[in-house]
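Working notes for the structure below.
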Amino acid sequence: MALTPPMGWNTWNKFACNVNEQMIRDMADAMVSSGMKDAGYLYINIDDCWHGERDSLGFIHPDPARFPHGMKALADYVHSKGLKLGIYSDAGYKTCAGRPGSRGHEYQDALQYAKWGIDYLKYDWCNTEGLRQVGAYMTMRDALYAAGRPMVFSICEWGSSYPWQWGKGVGNLWRTTSDISANFAENIDHGTWMQLSVLSIIDQQDSLRKYAGPGHWNDPDMLEVGNGMTNNEDRAHFSMWCMLAAPLIAGNDLTTMSQETKDILTNKEVIAVDQDSLGIEGFRYSSIDSVEIWFKPLEKDNWAMCFLNRSVAPRDISFDFQKENIVDDISGKKVENADYVVRNLWMHKNIGTTKKELKAVVSGYDILMLELVKRDR
Ligand code: GLA
(Lines give C-alpha, C1' and ligand atoms only; values in the text may rest on other atoms or scores of the structure.)
Protein backbone atom coordinates (compact mmCIF):
# COMPACT_ATOMS: atom_id res chain seq x y z
CA MET A 1 0.00 0.00 0.00
CA ALA A 2 1.00 3.63 -0.46
CA LEU A 3 3.69 2.87 -3.04
CA THR A 4 3.69 6.60 -3.71
CA PRO A 5 3.00 9.16 -0.96
CA PRO A 6 -0.74 9.18 -0.09
CA MET A 7 -2.77 12.11 -1.45
CA GLY A 8 -6.01 13.39 -0.03
CA TRP A 9 -7.68 15.88 2.29
CA ASN A 10 -8.12 16.04 6.07
CA THR A 11 -10.48 18.05 8.30
CA TRP A 12 -8.06 19.15 11.02
CA ASN A 13 -5.99 22.08 9.73
CA LYS A 14 -9.03 24.16 8.76
CA PHE A 15 -11.95 22.84 10.79
CA ALA A 16 -10.35 21.28 13.91
CA CYS A 17 -13.16 19.67 15.93
CA ASN A 18 -16.01 20.97 13.77
CA VAL A 19 -16.66 17.88 11.67
CA ASN A 20 -19.92 16.40 10.41
CA GLU A 21 -21.19 14.17 7.62
CA GLN A 22 -22.50 16.94 5.39
CA MET A 23 -19.08 18.58 5.37
CA ILE A 24 -17.44 15.31 4.40
CA ARG A 25 -19.90 14.85 1.54
CA ASP A 26 -19.33 18.42 0.40
CA MET A 27 -15.56 17.95 0.45
CA ALA A 28 -15.84 14.73 -1.54
CA ASP A 29 -17.96 16.56 -4.13
CA ALA A 30 -15.49 19.46 -4.22
CA MET A 31 -12.53 17.12 -4.57
CA VAL A 32 -14.08 15.85 -7.78
CA SER A 33 -15.41 19.16 -9.17
CA SER A 34 -12.20 21.11 -8.40
CA GLY A 35 -10.06 18.71 -10.45
CA MET A 36 -8.21 17.49 -7.36
CA LYS A 37 -9.34 13.91 -7.82
CA ASP A 38 -8.14 14.09 -11.39
CA ALA A 39 -4.77 15.39 -10.12
CA GLY A 40 -4.40 12.31 -7.90
CA TYR A 41 -6.05 13.14 -4.56
CA LEU A 42 -7.88 10.09 -3.24
CA TYR A 43 -8.50 10.07 0.52
CA ILE A 44 -11.06 12.13 2.42
CA ASN A 45 -9.91 11.86 6.02
CA ILE A 46 -11.95 12.68 9.11
CA ASP A 47 -9.62 13.72 11.93
CA ASP A 48 -10.47 14.08 15.63
CA CYS A 49 -13.97 14.60 17.08
CA TRP A 50 -16.14 12.29 14.95
CA HIS A 51 -16.58 9.96 17.91
CA GLY A 52 -19.68 9.29 19.95
CA GLU A 53 -19.81 6.70 22.72
CA ARG A 54 -18.82 3.07 23.01
CA ASP A 55 -21.80 0.70 23.34
CA SER A 56 -22.20 -1.89 26.13
CA LEU A 57 -19.98 -4.32 24.18
CA GLY A 58 -17.27 -1.70 23.71
CA PHE A 59 -17.84 -0.93 20.01
CA ILE A 60 -17.33 2.69 19.03
CA HIS A 61 -20.05 4.69 17.24
CA PRO A 62 -19.91 8.10 15.59
CA ASP A 63 -21.45 11.12 17.27
CA PRO A 64 -25.14 10.73 16.27
CA ALA A 65 -25.72 14.46 16.04
CA ARG A 66 -22.80 15.02 13.67
CA PHE A 67 -23.07 11.77 11.71
CA PRO A 68 -26.80 10.90 11.84
CA HIS A 69 -26.60 8.44 8.93
CA GLY A 70 -23.58 6.64 10.35
CA MET A 71 -20.15 5.88 8.97
CA LYS A 72 -21.12 3.08 6.61
CA ALA A 73 -23.46 5.36 4.64
CA LEU A 74 -20.78 8.04 4.55
CA ALA A 75 -18.14 5.60 3.30
CA ASP A 76 -20.58 4.40 0.62
CA TYR A 77 -21.09 7.99 -0.52
CA VAL A 78 -17.36 8.75 -0.64
CA HIS A 79 -16.71 5.48 -2.49
CA SER A 80 -19.46 6.31 -5.00
CA LYS A 81 -17.35 9.33 -6.00
CA GLY A 82 -14.35 7.11 -6.66
CA LEU A 83 -12.67 8.32 -3.46
CA LYS A 84 -11.67 6.64 -0.20
CA LEU A 85 -12.55 7.46 3.40
CA GLY A 86 -10.11 7.85 6.28
CA ILE A 87 -10.69 8.09 10.00
CA TYR A 88 -8.73 9.01 13.13
CA SER A 89 -8.07 7.39 16.47
CA ASP A 90 -5.47 7.44 19.22
CA ALA A 91 -3.33 4.82 20.94
CA GLY A 92 -4.25 6.18 24.37
CA TYR A 93 -7.43 6.26 26.48
CA LYS A 94 -8.53 9.48 24.87
CA THR A 95 -7.78 11.31 21.65
CA CYS A 96 -6.02 14.67 21.75
CA ALA A 97 -9.41 16.39 21.80
CA GLY A 98 -10.66 14.12 24.60
CA ARG A 99 -12.79 11.67 22.57
CA PRO A 100 -12.59 7.90 23.25
CA GLY A 101 -9.20 6.48 22.27
CA SER A 102 -8.50 2.93 21.11
CA ARG A 103 -6.46 1.72 24.08
CA GLY A 104 -7.79 -1.71 25.08
CA HIS A 105 -10.18 -1.69 22.11
CA GLU A 106 -7.70 -1.95 19.24
CA TYR A 107 -9.03 -5.14 17.64
CA GLN A 108 -12.67 -4.20 17.90
CA ASP A 109 -12.02 -0.68 16.61
CA ALA A 110 -10.15 -2.08 13.61
CA LEU A 111 -13.05 -4.46 13.00
CA GLN A 112 -15.57 -1.65 13.25
CA TYR A 113 -13.62 0.51 10.78
CA ALA A 114 -13.40 -2.44 8.38
CA LYS A 115 -17.16 -2.99 8.62
CA TRP A 116 -17.79 0.65 7.84
CA GLY A 117 -15.52 0.51 4.79
CA ILE A 118 -12.74 2.74 6.08
CA ASP A 119 -9.58 2.90 3.94
CA TYR A 120 -7.10 4.93 6.03
CA LEU A 121 -6.41 5.30 9.75
CA LYS A 122 -4.46 8.14 11.34
CA TYR A 123 -3.46 6.99 14.81
CA ASP A 124 -2.46 9.68 17.31
CA TRP A 125 -0.43 9.63 20.54
CA CYS A 126 -2.20 11.68 23.23
CA ASN A 127 -3.01 10.22 26.67
CA THR A 128 -0.71 7.22 26.31
CA GLU A 129 0.78 7.07 29.82
CA GLY A 130 2.81 3.87 30.27
CA LEU A 131 2.70 2.86 26.60
CA ARG A 132 5.64 2.70 24.23
CA GLN A 133 5.24 3.84 20.67
CA VAL A 134 6.61 0.86 18.76
CA GLY A 135 4.52 -1.67 20.69
CA ALA A 136 1.33 0.37 20.60
CA TYR A 137 1.56 0.98 16.85
CA MET A 138 2.36 -2.70 16.19
CA THR A 139 -0.75 -3.69 18.12
CA MET A 140 -2.95 -1.50 15.92
CA ARG A 141 -1.15 -2.65 12.77
CA ASP A 142 -1.89 -6.26 13.69
CA ALA A 143 -5.49 -5.37 14.51
CA LEU A 144 -5.90 -3.80 11.06
CA TYR A 145 -4.42 -6.89 9.41
CA ALA A 146 -6.73 -9.11 11.43
CA ALA A 147 -9.75 -7.04 10.38
CA GLY A 148 -8.91 -7.99 6.82
CA ARG A 149 -9.55 -4.68 5.03
CA PRO A 150 -6.56 -2.87 3.51
CA MET A 151 -6.12 0.46 5.28
CA VAL A 152 -3.28 2.93 4.99
CA PHE A 153 -1.85 3.23 8.50
CA SER A 154 -0.66 6.72 9.44
CA ILE A 155 1.55 6.91 12.53
CA CYS A 156 1.17 10.23 14.35
CA GLU A 157 3.44 10.40 17.38
CA TRP A 158 5.13 13.63 16.26
CA GLY A 159 8.60 12.13 15.90
CA SER A 160 8.83 11.54 19.65
CA SER A 161 10.39 8.05 19.46
CA TYR A 162 12.19 8.48 16.11
CA PRO A 163 9.52 6.51 14.22
CA TRP A 164 11.62 6.63 11.03
CA GLN A 165 13.85 4.06 12.78
CA TRP A 166 11.06 1.54 13.36
CA GLY A 167 8.11 2.68 11.24
CA LYS A 168 8.85 0.69 8.07
CA GLY A 169 6.73 -2.44 8.26
CA VAL A 170 4.58 -0.93 11.02
CA GLY A 171 2.91 2.00 9.22
CA ASN A 172 2.83 3.54 5.77
CA LEU A 173 3.76 7.03 6.98
CA TRP A 174 4.91 8.60 10.22
CA ARG A 175 4.78 12.18 11.38
CA THR A 176 8.28 13.53 11.90
CA THR A 177 7.46 16.67 13.90
CA SER A 178 5.01 18.54 16.07
CA ASP A 179 1.96 20.08 14.33
CA ILE A 180 2.25 22.45 11.39
CA SER A 181 0.75 25.95 11.33
CA ALA A 182 -0.22 28.20 8.43
CA ASN A 183 2.94 30.24 9.02
CA PHE A 184 5.90 30.27 6.71
CA ALA A 185 8.68 31.36 9.04
CA GLU A 186 7.38 31.84 12.60
CA ASN A 187 6.60 29.09 15.11
CA ILE A 188 3.67 29.56 17.48
CA ASP A 189 4.43 28.86 21.13
CA HIS A 190 1.46 27.22 22.90
CA GLY A 191 3.30 26.85 26.20
CA THR A 192 3.34 23.06 26.45
CA TRP A 193 3.97 22.58 22.72
CA MET A 194 5.17 24.42 19.64
CA GLN A 195 3.19 24.72 16.45
CA LEU A 196 5.77 24.80 13.71
CA SER A 197 6.32 26.99 10.68
CA VAL A 198 6.85 25.54 7.24
CA LEU A 199 10.55 26.45 7.36
CA SER A 200 11.21 24.85 10.73
CA ILE A 201 9.52 21.63 9.58
CA ILE A 202 11.72 21.61 6.46
CA ASP A 203 14.77 22.02 8.70
CA GLN A 204 13.85 18.86 10.56
CA GLN A 205 13.60 16.63 7.45
CA ASP A 206 16.98 16.67 5.77
CA SER A 207 18.63 13.87 7.77
CA LEU A 208 15.58 11.60 7.54
CA ARG A 209 15.49 10.95 3.83
CA LYS A 210 17.23 7.61 3.96
CA TYR A 211 14.36 6.14 5.98
CA ALA A 212 11.60 6.82 3.41
CA GLY A 213 10.61 4.89 0.31
CA PRO A 214 7.65 3.22 -1.40
CA GLY A 215 5.14 2.10 1.24
CA HIS A 216 6.83 3.93 4.13
CA TRP A 217 7.06 7.71 4.12
CA ASN A 218 8.26 10.51 6.35
CA ASP A 219 5.24 12.75 7.04
CA PRO A 220 6.12 16.42 7.67
CA ASP A 221 2.39 17.00 8.44
CA MET A 222 -0.60 17.98 6.37
CA LEU A 223 -0.72 20.89 3.94
CA GLU A 224 -1.64 24.44 4.91
CA VAL A 225 -2.06 25.61 1.30
CA GLY A 226 -5.09 27.92 1.14
CA ASN A 227 -5.18 28.50 4.90
CA GLY A 228 -3.89 32.07 5.02
CA MET A 229 -0.30 32.20 3.81
CA THR A 230 0.54 34.24 0.71
CA ASN A 231 0.55 32.56 -2.69
CA ASN A 232 4.36 32.65 -2.75
CA GLU A 233 4.51 30.92 0.60
CA ASP A 234 1.87 28.36 -0.35
CA ARG A 235 3.73 27.61 -3.56
CA ALA A 236 7.05 27.22 -1.73
CA HIS A 237 5.42 25.01 0.94
CA PHE A 238 3.74 22.78 -1.66
CA SER A 239 6.88 22.52 -3.81
CA MET A 240 9.02 21.55 -0.83
CA TRP A 241 6.53 18.89 0.30
CA CYS A 242 6.83 17.43 -3.20
CA MET A 243 10.65 17.59 -3.05
CA LEU A 244 10.40 15.68 0.25
CA ALA A 245 8.12 12.98 -1.23
CA ALA A 246 5.69 13.93 1.52
CA PRO A 247 2.09 12.75 1.76
CA LEU A 248 -0.03 15.47 0.12
CA ILE A 249 -3.00 15.80 2.44
CA ALA A 250 -4.70 19.14 1.77
CA GLY A 251 -6.14 20.92 4.81
CA ASN A 252 -8.11 23.85 3.39
CA ASP A 253 -11.80 24.35 2.65
CA LEU A 254 -12.13 22.77 -0.80
CA THR A 255 -15.61 24.23 -1.29
CA THR A 256 -14.47 27.87 -1.19
CA MET A 257 -10.85 27.84 -2.35
CA SER A 258 -9.53 30.54 -4.66
CA GLN A 259 -8.32 29.84 -8.18
CA GLU A 260 -4.74 30.47 -6.97
CA THR A 261 -5.07 27.81 -4.28
CA LYS A 262 -6.60 25.37 -6.74
CA ASP A 263 -3.79 26.01 -9.22
CA ILE A 264 -1.20 25.20 -6.56
CA LEU A 265 -2.89 22.05 -5.30
CA THR A 266 -3.51 20.69 -8.80
CA ASN A 267 -0.20 21.47 -10.52
CA LYS A 268 0.33 18.05 -12.10
CA GLU A 269 3.96 18.65 -13.03
CA VAL A 270 4.82 19.47 -9.42
CA ILE A 271 2.71 16.60 -8.09
CA ALA A 272 4.57 14.24 -10.44
CA VAL A 273 7.77 15.10 -8.54
CA ASP A 274 6.12 14.00 -5.30
CA GLN A 275 4.61 10.88 -6.84
CA ASP A 276 7.72 9.80 -8.74
CA SER A 277 8.03 6.02 -8.73
CA LEU A 278 11.60 5.97 -7.36
CA GLY A 279 10.23 7.35 -4.08
CA ILE A 280 13.54 9.00 -3.17
CA GLU A 281 13.32 12.18 -1.09
CA GLY A 282 15.18 15.27 -2.15
CA PHE A 283 18.24 16.62 -0.36
CA ARG A 284 19.62 20.05 0.44
CA TYR A 285 22.62 20.57 -1.83
CA SER A 286 23.66 24.01 -0.63
CA SER A 287 22.55 26.97 1.43
CA ILE A 288 23.99 30.39 0.62
CA ASP A 289 22.66 33.80 1.60
CA SER A 290 19.21 32.46 2.60
CA VAL A 291 18.78 30.50 -0.64
CA GLU A 292 18.72 26.74 -0.35
CA ILE A 293 19.22 24.56 -3.40
CA TRP A 294 17.54 21.17 -3.30
CA PHE A 295 17.72 18.21 -5.68
CA LYS A 296 15.51 15.13 -5.98
CA PRO A 297 16.34 12.23 -8.29
CA LEU A 298 13.46 11.12 -10.52
CA GLU A 299 12.73 8.18 -12.77
CA LYS A 300 14.20 8.17 -16.30
CA ASP A 301 17.35 9.87 -14.94
CA ASN A 302 15.54 13.21 -14.58
CA TRP A 303 15.91 15.50 -11.58
CA ALA A 304 13.76 18.00 -9.74
CA MET A 305 15.57 21.08 -8.46
CA CYS A 306 14.48 23.96 -6.24
CA PHE A 307 15.83 27.32 -5.17
CA LEU A 308 14.06 28.09 -1.90
CA ASN A 309 14.35 31.71 -0.81
CA ARG A 310 14.09 31.82 3.00
CA SER A 311 14.40 35.57 3.24
CA VAL A 312 11.59 38.13 2.87
CA ALA A 313 13.67 39.99 0.29
CA PRO A 314 14.09 38.84 -3.33
CA ARG A 315 17.36 37.14 -4.22
CA ASP A 316 19.31 36.96 -7.46
CA ILE A 317 20.39 33.43 -8.07
CA SER A 318 22.81 31.89 -10.52
CA PHE A 319 23.86 28.31 -11.02
CA ASP A 320 26.48 26.98 -13.39
CA PHE A 321 25.74 23.28 -13.84
CA GLN A 322 29.16 22.76 -15.45
CA LYS A 323 30.92 23.72 -12.24
CA GLU A 324 28.90 21.66 -9.79
CA ASN A 325 29.11 18.07 -8.70
CA ILE A 326 25.65 16.91 -7.73
CA VAL A 327 25.45 13.37 -6.40
CA ASP A 328 22.69 11.69 -4.43
CA ASP A 329 24.46 9.66 -1.75
CA ILE A 330 21.48 7.30 -1.38
CA SER A 331 21.00 6.19 -4.99
CA GLY A 332 24.47 7.10 -6.24
CA LYS A 333 22.77 9.02 -9.07
CA LYS A 334 24.62 12.00 -10.46
CA VAL A 335 23.55 15.09 -12.41
CA GLU A 336 25.58 14.75 -15.57
CA ASN A 337 27.08 17.82 -17.15
CA ALA A 338 25.31 19.52 -20.05
CA ASP A 339 22.74 16.83 -20.52
CA TYR A 340 19.34 18.26 -19.59
CA VAL A 341 16.57 20.54 -20.73
CA VAL A 342 15.60 22.86 -17.87
CA ARG A 343 11.85 23.14 -17.34
CA ASN A 344 10.11 25.58 -15.00
CA LEU A 345 7.36 23.54 -13.31
CA TRP A 346 5.28 26.54 -12.19
CA MET A 347 5.46 28.34 -15.53
CA HIS A 348 5.04 25.05 -17.43
CA LYS A 349 7.74 25.93 -19.88
CA ASN A 350 11.25 25.00 -20.91
CA ILE A 351 13.69 27.78 -20.06
CA GLY A 352 16.99 26.50 -21.45
CA THR A 353 19.50 23.74 -20.95
CA THR A 354 22.10 22.88 -18.35
CA LYS A 355 24.83 23.97 -20.79
CA LYS A 356 24.17 27.57 -19.90
CA GLU A 357 24.49 29.20 -16.52
CA LEU A 358 21.06 29.66 -14.97
CA LYS A 359 20.20 33.14 -13.73
CA ALA A 360 16.96 34.25 -12.12
CA VAL A 361 15.37 36.30 -9.37
CA VAL A 362 13.41 34.47 -6.68
CA SER A 363 10.98 36.65 -4.69
CA GLY A 364 10.90 36.63 -0.91
CA TYR A 365 9.53 33.46 0.70
CA ASP A 366 9.18 31.92 -2.73
CA ILE A 367 10.65 29.12 -4.75
CA LEU A 368 11.93 28.42 -8.24
CA MET A 369 11.10 24.82 -9.06
CA LEU A 370 12.67 23.16 -12.07
CA GLU A 371 12.91 19.80 -13.66
CA LEU A 372 16.07 18.73 -15.42
CA VAL A 373 14.81 16.55 -18.25
CA LYS A 374 17.40 14.18 -19.66
CA ARG A 375 17.92 14.39 -23.42
CA ASP A 376 18.59 11.61 -25.92
CA ARG A 377 16.89 8.87 -24.03
C1 GLA B 1 -2.68 16.05 17.26
C2 GLA B 1 -2.24 15.75 15.84
C3 GLA B 1 -3.00 16.65 14.87
C4 GLA B 1 -4.50 16.44 15.04
C5 GLA B 1 -4.91 16.67 16.48
C6 GLA B 1 -6.34 16.24 16.74
O7 GLA B 1 -2.29 17.35 17.63
O8 GLA B 1 -0.86 15.92 15.69
O9 GLA B 1 -2.60 16.42 13.52
O10 GLA B 1 -4.81 15.12 14.64
O11 GLA B 1 -4.08 15.92 17.38
O12 GLA B 1 -6.75 16.45 18.05
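If you count the DSSP beta bridges with both ends in the chain, what percent of them are antiparallel, to the nearest 5? Walk me through the numbers before you get to the answer.
On the way: 39 of 64 bridges.
Percentage antiparallel, nearest 5: 60.
For the chain, a crude dipole built from +1 on the beta carbon of Lys and Arg and -1 on the beta carbon of Asp and Glu, taken about the Cα centre, is about 820 debye to the nearest 20. Distance between the pseudo-spin-label points of Lys168 and Ser363 (7 Å out from Cα toward the beta carbon): 4.1 nm. The chymotrypsin sites (Phe, Trp or Tyr not before Pro) of the range 129-221 meeting both criteria, a DSSP state outside H, G, I, E and B (loop) and at most 14 other C-beta atoms within 10 angstrom of the site's C-beta, are Trp193.
In terms of its alpha-carbon gyration tensor, the range 251-339 comes out oblate; a/c meets the 1.5 threshold, while b/c is at least as large as a/b. For the range 243-333, carbon and sulfur atoms together expose 46% of the accessible surface, with a 1.4 angstrom probe and every protein chain in place.
Of the accessible area of the range 335-374, computed with a 1.4 Å probe over protein heavy atoms only, carbon and sulfur atoms account for 50 percent.
Taking all protein chains in place and a 1.4 Å probe, what share, in percent, of the accessible surface of the range 158-208 do carbon and sulfur account for? Intermediate values should be presented prior to the final figure.
On the way: 1040 of 2190 Å².
Summing carbon and sulfur atoms, their accessible area is 48 percent of the total for the range 158-208.
Site pair Thr353 and Asp142 shows an inter-label distance of 5.9 nm when each label is modelled 7 Å from Cα along Cα→Cβ. Taking all Cα pairs closer than 8 Å and separated by 6 or more residues, the relative contact order of the chain comes to 14 percent. Comparing Cα centroids, the range 56-110 and the range 148-167 end up 18 angstrom apart. For the listed residue pairs Lys262/Lys356; Lys94/Lys268; Lys81/Lys268; Lys122/Lys374; Lys14/Lys37, the alpha carbons are over 31 angstrom apart in Lys262/Lys356; Lys94/Lys268; Lys122/Lys374. From helices alone, the chain scores -7000 deg cm²/dmol at 222 nm; the rule is -39500 (n - 2.57) for each run of n ≥ 4 DSSP H residues, then divide by the residue total.
Given a 1.4 angstrom probe, what's the average accessible area per residue across the chain, in square angstrom? Walk me through the intermediate numbers first.
On the way: 14960 Å² over 377 residues.
Result: 40 Å² of accessible area for each residue.
Prolate is the label for the range 1-59, because a/c, from the alpha-carbon gyration tensor with a ≥ b ≥ c as root eigenvalues, is 1.5 or above and a/b exceeds b/c.
Listed by chain and number, the aspartates and glutamates whose alpha-carbon sits under 13 Å from that of Lys115, ignoring those within fewer than 8 places in the same chain, are Asp76. Each label point was placed 7 Å from the Cα along the Cα-to-Cβ direction; for Glu336 and Glu299 their separation is 2.0 nm. Think of it this way: in the chain, Cys156, Cys242, Cys306 stand alone, with no other Cys Cβ under 4.7 Å.
Taking square-rooted eigenvalues a ≥ b ≥ c of the alpha carbon gyration tensor, is the chain rounded, prolate or oblate, where a/c under 1.5 means rounded and, failing that, a/b exceeding b/c means prolate? It comes out prolate by the Cα gyration axes.
The values are calculated or read from the model by the stated rules, or taken from the named source; none is laboratory data. Please read these numbers as outputs of a predicted model, since none were measured by experiment. Positions of Cβ are generated from backbone atoms using ideal geometry, with glycine treated the same way; all protein chains shown enter the neighbour counts. Ligands, DNA and RNA are excluded from the accessible area calculation, which covers all protein heavy atoms including side chains. Shrake-Rupley method; radii C 1.70, N 1.55, O 1.52, S 1.80 Å.
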